[in-house]
1. Give the residues of segment 337-379 that are basic (Lys, Arg) and assigned to a helix (DSSP H, G or I), sorted by residue number.
2. If you go through segment 352-375 one residue at a time, do you hit one that is surrounded by fewer than 19 Cβ atoms within 10 Å (Cβ to Cβ) and away from ligand 1 (no atom under 15 Å from the Cβ)?
3. Looking at SER456, SER370, which one is touching a residue at least 24 places away in the same chain (Cβ under 8 Å), within 23 Å of VAL479 (Cβ to Cβ) and polar (S, T, N, Q)?
4. Report, by residue number, each residue of segment 418-437 that is closer than 20 Å to GLU369 by Cβ and either surrounded by fewer than 20 Cβ atoms within 10 Å (Cβ to Cβ) or within 15 Å of ligand 2 (Cβ to nearest atom) (or both).
5. Looking at the structure I just gave you, is GLY502 free of Cβ contacts under 8 Å to residues at least 40 places away in the same chain, out of contact with any strand residue (DSSP E or B) (no Cβ under 9 Å at 6 or more places or on another chain), within 15 Å of ligand 1 (Cβ to nearest atom) and more than 22 Å from ARG394 (Cα to Cα)?
6. Within 14 Å of ligand 1 (Cβ to nearest atom) and crowded, with 21+ Cβ neighbours inside 10 Å, is that true of ILE451?
7. Only one of these is more than 18 Å from PRO535 (Cβ to Cβ) and in a strand (DSSP E or B): ILE423, ILE405, ILE321, ILE389. Name it.
8. Does PRO386 satisfy the criteria of being farther than 27 Å from ARG168 by Cβ and in contact with a strand residue (DSSP E or B) (Cβ under 6 Å, 6 or more places away or on another chain)?
Amino acid sequence: MASFGVDVALIRNISIKVNDARDRCSAVSAAIRNMKPLLIDNADLKKYPKLKKLLNNREIGSVYVLPIIVENNVEGVFALCSSKQSVFTSEACAILEEMTEDLAFGIQSLRIRHSHEEAQKTIRRLAFFDSVTKLPNHVKMENVLNGALSSSESTHVQSALLIIGINRFRDINTTLGFDAGNHVLSQIAARLKKSVSNNEKLFRVRGDEFAVFIEGATAEIAGEKASEIQKMLASQFNMEGFSLSMFASIGIVLIPDHGESVDKLLPHADVALQHAKQTGKPYEFYTPSLDSDTEYYLKLASKLYRAIECDQLELYYQPKISMVSGKVCGFEALARWFPPNERMIPPDTFIGLAEKTGMITPISYWVIESALRQSCLWRQSNINLPIAINLSARNLHDARLLDYIKERSVAWELKAGMLEVEITENAIMEDRNVAFAILSGIRDLGIPIYIDDFGSGQSSLQILGELPISALKIDKSFVIGMMENNANAIVRAAINLAKEMGLGVVAEGIENEMVWTQLMELDCDYGQGYYMGKPMSAGEVVTWLGTSRFGNVS
Ligand code: C2E
Ligand code: CA
Ligand code: CA
């Protein structure tokens, strides 16, 4: 309450209760309730005993109470008292009313201006900062790059931009939800913040990409920074209830060498990043020759979309041999791509691409369907050998996969034990909980599970022990060179380990008789390799079964 005039102290004692029935006789509450100015002349004063009492029989001639209305709310009251009667003529009232309206308008304008300023601050924050990590975003980054480009013209100072891609981050979002994804991002941001120094700036560029700008950096400094960041992100993140490690790939551009404008620099940084991802290198500098590689992969990806529809994929079958009987005991299905009028494209080239583009889902469905059809055909020719298919990490996040396998197995009248699954240890370690659920589902369908490329990944034995698996497949890199170096010790250890865990063991990559014999001595259960049989088309398998010394199934 603010007041001006003679009886300031008196006014301070006024208390107004707008909705109090007893207060009906207060002039101020009447004006507030009715939302209208109220004029009280001497004659009406008796209607407002409270006012009279308040004024304590002072000489009072007239009162004019004006509500201040802002956006349909009474925000205040403007009350005038005079000892003279009838001072508030109709002209005076009109002027006072207009003044009150101006006051109300002024309050409203101030408020709107304030809320606009707030809104602008929010917009500015959203436009330049990422709301999850609170880091400056790509707009800020582009400003910084523009600044670096223009200053480099006069100062000749070279800078570097590192684009950091977090691999398989999308999987975290899809399996654990966006909240968990955001939590992971904040933790990544926190680690990155710790690693940047004063002449470096950190940004969150988009979804799973961060960037570090280093002013005055040589290629050497940029490379060192990239490996430092890579290592730092690779150590375990402890989340509520689980821990996980991140693998980051980094693309590097030097400024101004790798582009005279932001529009050139950023795509070049992206090319370098994609290349690092494809090759599995921790980081990669942009060079013009990478452009053509990327172009090749992009073209390949678009062709791959049509490969299934156009019937360009084919399953080849490589025999698995029992080392006890020396005879074939099953086949592994391996995908091949035959684009028209071109050479065969091996799975090492297109499976990785399919995993990145999401094409692995339809490809795996196609593999399942084709393997089941082949199994049915072989059964009709009295070939009763199981077929193992390969699944990728992404397949483990596919909720429909189990139902699909179930439905197609029924459709092709699959006999028990005739389908097997191989999955790499890395795919499982990426997200054990998800892997555990789906692998249990596969096992419950009576499908044996093989851990592929065993020894090449970073799996923990404790976790492997908890998984519903049947056998370990020792990675061929150890088997191929078994006779020459200490790979022998690794193979020996892996075989013993499998036995201790009650699992079967397969050695893949047996290329000659010496390795075969050695593995027999080490008591390995099964073998696979060019020595016994290369991957073959379904037609060639029939011939091989009839002619190879490993093929006679009788
Ligand atoms: P993998 O599952 O480890 O398959 C074994 C690979 O080793 C095959 O290569 C096979 O041809 C090769 N190999 C077998 N014996 C020998 C040998 O004695 N010496 C040598 N040097 N190599 C041998 P391939 O067919 O090129 O497949 C490569 C990889 O592509 C596979 O590795 C697998 O990870 C992936 N892949 C193949 N088909 C599929 C598929 O249908 N789905 C998925 N998700 N991945 C597949
Ligand atoms: Ca395999
Ligand atoms: Ca393998």
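1. LYS356, ARG373, ARG379
2. Checking segment 352-375: not a single residue is surrounded by fewer than 19 Cβ atoms within 10 Å (Cβ to Cβ) and away from ligand 1 (no atom under 15 Å from the Cβ).
3. Working: SER370 fails: within 23 Å of VAL479 (Cβ to Cβ).
Checking each option against the conditions leaves just SER456.
4. Filtering segment 418-437 for residues closer than 20 Å to GLU369 by Cβ gives 418-423.
Passing the criteria: LEU419, GLU420, VAL421, GLU422, ILE423.
5. no
6. Working: within 14 Å of ligand 1 (Cβ to nearest atom): yes; crowded, with 21+ Cβ neighbours inside 10 Å: yes.
Criteria met by ILE451.
7. ILE423
8. Values: farther than 27 Å from ARG168 by Cβ: yes; in contact with a strand residue (DSSP E or B) (Cβ under 6 Å, 6 or more places away or on another chain): yes.
Yes; evaluated as a whole, the condition is true for this residue.
The values are calculated or read from the model by the stated rules, or taken from the named source; none is laboratory data. Not measured: the values here are computed from a predicted model. Virtual Cβ from ideal backbone geometry, glycine too; neighbours counted across all protein chains shown.
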